[in-house]
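Undergrad: First the structure, which I've put down as structure tokens, then a few questions once you've had a look.
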Amino acid sequence: MTDPKTIAVYDARADDYAQLETSERPSKTLAAFMSELPTGGHVLDLGCGPGTSARHMVDAGFKVTALDASEKMIALASQIPGVTARVAAFDDVTGAAVYDGVWANFSLLHAPRADLPRHLRAIHTALKPGGLFHIAVKDGEGEARDRMGRHYAYYTEDSLTELLQDAGFTVGPYRRGRDKGLSGLDENWISTTAHA
């Protein structure tokens, strides 16, 4: 993510965002993702926010590298013992066969739609053969800014599946939901776990 307005919102509201998910247990989706990873595997939390998911993964015995474009989010994630966190953009995902899993939970939706194919190819390359890739996005079409000024690209199951397959992934079942985010609005989302 490189959009200055979006990053500025997360810098300003990092503490508020951290309060959105304070559960001491991982979500069902994260628990399922972790159950498919090899014991002690290396996971990239891409767009880690305050590190909520990273904390659950470290607690489960995984090695976690956490990246986010927001300095304030990384400041929070860096306080979690065992999490290696640094400020980075989506284009900073490099290397080949580095990770057993990549967790991109409501992060890549901030990338311009035209950039997503490039990011997905880089993630596929960075994953070990058969590695897991979780992606969650908001359901819909097109691109827009929300009422807080954050940039979003929206995807349907069909459009996301096509992009994932073009990048070399085998796409798993989709999950759907509706939740209230930082903006306070209830919005529909979709997610899937794909295999490299």
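Undergrad: Evaluate the following for Leu44: is it closer than 19 Å to Ile123 by Cβ, touching a strand residue (DSSP E or B) at 6+ places or on another chain (Cβ under 6 Å) and not β-branched (Val, Ile, Thr)?
TA: Considered against the rule, which asks whether it is closer than 19 Å to Ile123 by Cβ, touching a strand residue (DSSP E or B) at 6+ places or on another chain (Cβ under 6 Å) and not β-branched (Val, Ile, Thr), Leu44 comes out as yes.
Undergrad: Of all the strands (runs of 3 or more DSSP E) wholly in the stretch 121-196, which have at least 1 residues that are touching an Asp or Glu at 6+ places or on another chain (Cβ under 7 Å) and either aliphatic (A, V, I, L, M) or surrounded by fewer than 19 Cβ atoms within 10 Å (Cβ to Cβ) (or both)?
TA: 127-138, 151-153, 170-180, 186-195
Undergrad: Cβ-Cβ below 8 Å, separation at least six or inter-chain, first residue in the stretch 44-57 and more than 10 Å from Thr84 (Cβ to Cβ), second charged (D, E, K, R) and modelled with pLDDT of 95 or more: which pairs?
TA: That search, which allows pairs on different chains as well, returns Gly47/Asp68; Cys48/Asp68; Gly49/Asp68; Gly51/Asp45; Ser53/Asp45; Met57/Asp45.
Table: residues versus (1) polar (S, T, N, Q); (2) more than 14 Å from the chain's Cα centre (by Cα); (3) closer than 19 Å to His119 by Cα.
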residue	(1), (2), (3)
Gly40	no, yes, no
Leu44	no, no, yes
Ala54	no, no, no
Met57	no, no, no
Ser70	yes, no, yes
Val87	no, yes, yes
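Undergrad: Quick test of your reading of the structure: Val102 fulfils all but one of (1) more than 13 Å from the chain's Cα centre (by Cα); (2) part of a strand (DSSP E or B). Name the failing condition by number.
TA: It is condition (1) that Val102 fails.
Undergrad: Of the residues that sit in the stretch 50-72 and are in contact with a Cys (Cβ under 7 Å, 6 or more places away or on another chain) and not small (Gly, Ala, Ser), which one is nearest to Ala14 (Cα to Cα)?
TA: Among those residues, the one meeting the criterion is Asp68.
Undergrad: Can we say Gly95 is more than 26 Å from Ile7 (Cα to Cα) and either in contact (Cβ under 8 Å) with a residue 12 or more places away in the chain or outside any loop (DSSP other than H, G, I, E, B) (or both)?
TA: Answer is no for this residue.
Undergrad: Do you know which of the residues in the stretch 1-38 that are assigned to a helix (DSSP H, G or I) and polar (S, T, N, Q) is farthest from the chain's Cα centre (by Cα)?
TA: Ser35
The values are calculated or read from the model by the stated rules, or taken from the named source; none is laboratory data. The structure presented is a predicted model; accordingly, all values stated were derived computationally and were not measured. Using ideal geometry, Cβ is built from the backbone for each residue, glycine included, and neighbour counts are taken over all protein chains shown.
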